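In what follows, a single structure is set out as structure tokens and then discussed.
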Amino acid sequence: MPELERRRRKGRGRNPNWWPDEGSLTLLQRYTEGRLQSGSQPAASTVRTECDYLRGMVFASISLGGPTTLEALRDDPQTVAKILREWPRTQGTLGSMLAAMLRLIDFTVDDVPEAERLKEQVQAGLYPRPSGNRSWNVLPRTVGGSRRVQRRRPVLSQADILKIVDAASVASPDDETVLRDRAIVALACWSGISPYELPTLRWEQLLGHRSTAEAPWCATIHDVARRGRLVCIPVVEDAAPYLRDLVAAASTGQGRLSGYMFRRSRGKEHPLTYSMIRRIVRLAVQNAGLPASDDTTLKRAYATYLKQRGLNDYAIRDALGLKTMASVESRLLQHRWSAAQRIAAEHHVIKLPGPPANEPTTLQLSLDAGLGDEQ
Amino acid sequence: MTTKADETTGRIQEAARQLSFEVIASSEGWPSPRDVRRPGKPRPRWVTPQLLEFERRARLAGWSASAAAVQMRLVRSILKVAARQRGRAVDLRGLFLDADLLAAAACDAERLDGRGDDPLTNDTLASRRIAARLLMRLMEDYLGAEADVLIEKFHAALLRRCDLKGQTYCLKSGRPTGRKPDPPTERDIEAQLRDVSACRAAYYAERNVAFICLLAATGLRLGSAIEIDGRDFYRLGSNLCLAVPREKCQREPVQVHIPPEVEAGLVRYVSAFNRYITERGSTQKVGLGVAGPFWRSPPDRAWTSGAAAKMIRFHSARTALRPYGPHAIRRFVAQSLVKTMPRRAVAEALRWEGVATLDEHYGPAPGRCLEAGARPSTVAGERRPEGARAGT
């Protein structure tokens, strides 16, 4: 059975896992080439993300009962506009989808008037955007979506982080993978490296050194490409045992280590993928018994940990590889609020009226506790 | 002869009209709850086609449904005041073309919107001014005059009746924006809780007690607390936490710790509700971590913020000398915390960026801190200790 057909049949349920057909793949290939050769010269990862947006639009179109291929979707501006107005994503995501679709039309529709017509119809179907300088009937257009982030980001303490790192090995199948997964989670929790950067890390980038009271770093990761600049990101000493174990397992006694730091268990030459790294971190959090936490949650906990260790905000900025102090502030804010609210809750106790005497004392917490247990 | 610009404008107008109809009337796909008008709620009789058109254009210009409705209501209140001043009915175009009449109506200190006895404040003038300016901009074709010219005349007429302070206009006869009356005391809250818990109908006592305790312990706003879903509760260690789904001015859910006393109240409510609903033969449940609206009334529907506010006002009227609303509980929390915690920590606990909001709106009013029984705080830097010299 061909690979495409096999993958297509794998989908179950109402919305099957969509896998692009040959025509859509060709269009995506043309898009990638056109984008990489364009004047702005975007990074390959950026173009890959834009292709993901286009694939996401086809998936949305299938869910809304529209065209099922990228080419048909491109030629149906009403459905494109409907997705951009109504698909439940954030405003930023829908805006990027719009930009990607307009570029796709530019790169793949050869007839210029036709391309202009398609783009105009897509724009006409969007919402008018308020503007102080223009009258209401000539307003520019914008996508729908919410500016709010619906995902929950719990405030994790250092004890929670330790639990996560300890639980990293629960889902690992063998000893070698245990060391790798622990090191991945340790780097995610105790350094400013993001999951996007972890797959591309190489041994040559890692430089170990001795930590001091002023600089509690056990290693530094050099030449991390981040938004067009190379940054150097330190790793706090808590991650040292996990990195040391990984180095010991990887070293063959033949000089300096080289190649990717985190490789697949099958096909040793290839690095781990981003989705696999995310899965490892997600399983570690889940096995630690904590609510789902994304990378931002871990980085907020890390920034607060550095603050508690006495580092000033500028040092935290450099440790996280951030550019502005506003980013540092936003990482520390939730923890500060939470700490203040916890203290306030201790100070401020309301006297609750007790339960009535004639009521049963057994309490039902959730659906799991059946009512039959009380009788 | 029509130009290309006219054609484009006409086409955009037509598209906008269609889009407006589609946004407000269509329920396909995933329309935002704000875009869908509640069925079965008829328009008030005073809504004229012109006002309806104004609201529709405000929606098109990006105003939310509720904000557009407020603008329409403000324009209507100006119309009503103008009609009283003139002694006869005034039409919308006539009012907005007569800058003097418009300014006089906007500055009239008497409230005619039936919102209590509070006299008009400077805030109300500002909102009336915004509504008038918005109408001039959006209904330029209906008024038949250029918006900029009308706005300039309106501001000139306003200046004859108001003082210009910075960028805002202050009423000469109006009361400045003042502090709200003193919040309830701890005794008031406790008396209210006792009164609420005396109700023995269904699960309402447990629900109301839990709700008031949640507000009084965490300082949440009513709108944030009422929208809680059962899945928003989770545990971090032994603590119960709540990810408040919609907190004012926050783009993402905010984590709030639930004190054990409040947790006990929540559990009591869950237990009472589930017992009641099972006796009625329904399979619906609420719970900590269970999907679905957490606050219910009646059992199959979410509790509304209006009903919750009404409950708080009703019981406070029975137990306190001065009835208070749900937001007074937040002010009570702020003032209770200020007695024992530094101001900055209180501001952070209530999720404000600085202490300005606390000082201007929530903290004790000037002259209230040294009443009998008030002692200087023990927290360093908060209040000057006794015997210390002024200016040191």
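The values are calculated or read from the model by the stated rules, or taken from the named source; none is laboratory data. Quantities reported herein were computed from a predicted structural model and do not represent experimental measurements. Positions of Cβ are backbone-derived with ideal geometry, glycine not excepted, and every protein chain shown enters the neighbour counts.
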Self-check item: Breaking point among (1) within 24 Å of B:Asp163 (Cβ to Cβ); (2) more than 21 Å from the chain's Cα centre (by Cα); (3) buried (at least 20 other Cβ atoms within 10 Å of the Cβ); (4) at pLDDT below 90, for B:Ala61
Solution: (1)
Quiz item: In the stretch A:314-338, how many residues are assigned to a helix (DSSP H, G or I), closer than 22 Å to A:Leu187 by Cβ and more than 14 Å from chain B (Cβ to nearest Cβ)?
Solution: 8
Quiz item: Are there any pairs, at least 6 apart or on different chains, whose C-beta atoms fall under 6 Å, with the first in the stretch B:232-255 and within 7 Å of another protein chain (Cβ to nearest Cβ) and the second of a type in the set (Val, Ile, Thr) and in a loop (DSSP other than H, G, I, E, B), and if so, which?
Solution: B:Arg251/A:Val149; B:Glu252/A:Val149; B:Gln255/A:Val155
Quiz item: When the stretch B:262-301 is examined, which residues are found to be at pLDDT 90 or above and among the small types (Gly, Ala, Ser)?
Solution: B:Ala264, B:Gly265, B:Ser271, B:Ala272, B:Gly287
Exercise. Evaluate the following for A:Arg182: is it more than 18 Å from A:Leu246 (Cα to Cα), under 23 Å from the mean Cα position of the chain (by Cα) and of a type outside the set (Phe, Trp, Tyr)?
Key: no
Quiz item: Checking A:Ile277 against (1) crowded, with 17+ Cβ neighbours inside 10 Å; (2) closer than 14 Å to A:Asp160 by Cα, which single condition isn't satisfied?
Solution: (2)
Quiz item: Quick check, is A:Thr212 of a type in the set (Val, Ile, Thr), assigned to a loop (DSSP other than H, G, I, E, B), away from chain B (no Cβ under 14 Å) and surrounded by fewer than 21 Cβ atoms within 10 Å (Cβ to Cβ)?
Solution: yes
Quiz item: Within the stretch B:204-224, restricting attention to residues that are in contact with a strand residue (DSSP E or B) (Cβ under 8 Å, 6 or more places away or on another chain) and more than 9 Å from every other protein chain (Cβ to nearest Cβ), which residue is surrounded by the fewest Cβ atoms within 10 Å (Cβ to Cβ)?
Solution: B:Ser224
Quiz item: Among the residues of the stretch A:198-210, is there at least one that is at pLDDT 90 or above, touching a His at 6+ places or on another chain (Cβ under 6 Å) and closer than 22 Å to A:Ser45 by Cα?
Solution: yes
Exercise. Can you run down the residue pairs with Cβ atoms below 6 Å, 6 or more apart or on separate chains, where the first is in the stretch A:158-178 and within 30 Å of A:Lys307 (Cβ to Cβ) and the partner is in a loop (DSSP other than H, G, I, E, B)?
Key: A:Asp160/A:Leu290; A:Lys163/A:Ala288; A:Ile164/A:Ala288; A:Ala167/A:Ala288
Practice problem: Would you mind telling me which numbered condition in (1) surrounded by 12 or more Cβ atoms within 10 Å (Cβ to Cβ); (2) under 28 Å from A:Gln308 (Cα atoms) A:Pro271 fails? | Solution: (2)
Exercise. Please enumerate the residues belonging to the stretch B:258-282 that are at the interface with chain A (Cβ under 10 Å from one of its Cβ atoms) and assigned to a loop (DSSP other than H, G, I, E, B).
Key: B:Pro259
Quiz item: Any residue in the stretch B:43-54 that is at pLDDT 50 or above and within 14 Å of another protein chain (Cβ to nearest Cβ)?
Solution: yes
Self-check item: Considering residues of the stretch A:69-97 that are in contact (Cβ under 8 Å) with a residue 40 or more places away in the chain and in a loop (DSSP other than H, G, I, E, B) only, the residue nearest to the other protein chains (Cβ to nearest Cβ)
Solution: A:Pro88
Quiz item: Within the stretch A:56-66, restricting attention to residues that are part of a loop (DSSP other than H, G, I, E, B) and surrounded by fewer than 18 Cβ atoms within 10 Å (Cβ to Cβ), which residue is farthest from the other protein chains (Cβ to nearest Cβ)?
Solution: A:Gly65
Quiz item: Can you spot a residue in the stretch B:296-309 that is within 12 Å of chain A (Cβ to nearest Cβ) and in a loop (DSSP other than H, G, I, E, B)?
Solution: no
Exercise. Output the residues belonging to the stretch B:317-342 that are within 11 Å of chain A (Cβ to nearest Cβ) and either assigned to a loop (DSSP other than H, G, I, E, B) or basic (Lys, Arg) (or both).
Key: B:Lys339, B:Met341, B:Pro342
Quiz item: Give me the pairs: first residue in the stretch B:56-77 and more than 14 Å from chain A (Cβ to nearest Cβ), second residue crowded, with 20+ Cβ neighbours inside 10 Å and among the small types (Gly, Ala, Ser), beta-carbon distance under 7 Å, and six or more apart or on different chains, which are they?
Solution: B:Leu74/B:Ala131; B:Val75/B:Ala131
Quiz item: Taking A:Val247, is it in contact with a Gly (Cβ under 7 Å, 6 or more places away or on another chain) and either charged (D, E, K, R) or surrounded by fewer than 21 Cβ atoms within 10 Å (Cβ to Cβ) (or both)?
Solution: no
Practice problem: State which residue pairs qualify: first residue within 14 Å of chain B (Cβ to nearest Cβ) and inside the stretch A:280-302, second residue among the acidic types (Asp, Glu) in any location, beta carbons under 6 Å apart, and separation of 6 or more residues or different chains. | Solution: A:Leu290/A:Asp160
